[in-house]
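Here is the structure we will look at.
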């Protein structure tokens, strides 16, 4: 496994030898440590390290010598950490930064505004994911904010080193729901599942006022993590907590209390260590099943923990932090998007078939046909399948 290192000006120097590298990125950390023997010390602050055509790499921020162990440890930010350490600010003269357009263009607009055009490279193609008037929170960390924006469009951020350009290609892609076709079994992979069935589901929120005159609202979460002011659990199943938000008025107390209670509502958490032939991105959806107990969990990948040495790459996936309702919504959005892509591809194929047909009057139906139609007409159904009419029918 070649780990390439380059000078701050992006000119490649060579391949790191006899190394061990650990990195983690996703909802936290977004950094790496690279250790080599003292005799193999080849870098200083500002150097870049990366594995070609992957998202694994970053910039060296510090160098630590250990003469007792005869090692050098380079620490730095991954590409994700470089983004996370920049702030998306409101546009000049505006209360918020609002973006619209194809997601690839939007990403480049953000990168340009952050002044990171020397590190990242624009994907000039259109990804087909349209962002419409998305409003970022004021002064938010870029990597987290970008992931949030894309997740709301059932999409994910894709970073890949472009060795020829000496930059990281940044783009968006449709999040993939692997749980239907490629569920992960304990027969082939090691994983941990932590089931959380009773988090806090009743939050008592106190705002402005004093003693008996203080504003108090009660918020409740249901089995899927949805928050409302309607009680779902009672008796032994009710788990309560108190939220003290002094001086908060009604609207702010409700908003902040809802966010806090939602934060408790995480579904089952999973940690996966699987063989290198499987590769997932943060934002993809997976299902892990233990064949012995029958226990399974479906959730969204939220973090990758990567260990690299001269021989191999080992990836552990940390999945969790989402409510059951959020996971259901993510799965539905991902599969709706996949179905739309299949339908578009099938429609194009059907049109091509119709155009080459000996009968120039062949029609292509995108919704369920109603008479009249004739033998040879085509129907692209909701699953993206092309069906051919075998019997004509009049009105």
Worksheet item: How far, in nm, would the chain grow between residue 96 and residue 53 when pulled straight, counting 0.36 nm per residue and subtracting the alpha carbon separation?
Response: 12.0 nm
Practice prompt. Please find the FRET efficiency linking residue 295 to residue 28, where r is the Cβ-Cβ separation and R0 is fixed at 30 Å, and quote it to the nearest 0.05.
Written response: 0.70
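Would you please classify the overall shape of the stretch 4-82 from the alpha carbon gyration tensor, given that a ≥ b ≥ c denote the square roots of the eigenvalues, rounded means a/c under 1.5, and beyond that prolate means a/b larger than b/c while oblate covers the rest? Could you put the intermediate results ahead of the total?
On the way: a/c = 1.79, a/b = 1.28, b/c = 1.41.
Verdict is oblate for the stretch 4-82.
What FRET efficiency, computed as 1/(1 + (r/R0)^6) with R0 = 30 Å and r the Cβ-Cβ distance, is obtained for residue 386 and residue 125, rounded to the nearest 0.05? List each step's numbers first, then the result.
On the way: r = 26 Å, r/R0 = 0.88.
Between residue 386 and residue 125 the formula returns 0.70.
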Response to the item:
For residue 169 and residue 7, extending 7 Å from Cα along the Cα-Cβ vector and measuring point to point gives, in nm, a value of 2.7
Worksheet item: How many nm separate the modelled label positions at residue 63 and residue 313, each set 7 Å beyond the Cα in the direction of the Cβ?
Response: 2.6
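What is the gain in length, in nm to one decimal, between residue 233 and residue 135 on full extension, counting 0.36 nm per residue of separation less the C-alpha to C-alpha distance? The partial results should precede the final answer.
On the way: separation 98, 0.36 × 98 = 35.28 nm, distance 3.50 nm.
Length difference between fully extended and current span is 31.8 nm.
Once you sort the root eigenvalues of the Cα gyration tensor of the stretch 86-174 as a ≥ b ≥ c, which label holds: rounded (a/c under 1.5), prolate (a/b larger than b/c) or oblate (the other case)?
Oblate shape, in that a/c is at least 1.5 and b/c is the bigger or equal ratio.
Kindly state, to the nearest 0.05, the FRET efficiency for residue 17 paired with residue 109, given R0 = 35 Å and r defined as their beta-carbon distance. Before the final figure, lay out the partial values.
On the way: r = 40 Å, r/R0 = 1.14.
With R0 = 35 Å, the Cβ-Cβ based efficiency is 0.30.
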Worksheet item: Taking the Cα-to-Cβ direction at residue 208 and at residue 251 and moving 7 Å from each Cα, how far apart do the two end points lie in nm?
Response: 1.2
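No lab work stands behind these numbers, since they all come straight from the coordinates. These numbers were taken from a predicted model, which means no experiment stands behind them. Positions of Cβ are backbone-derived with ideal geometry, glycine not excepted, and every protein chain shown enters the neighbour counts.
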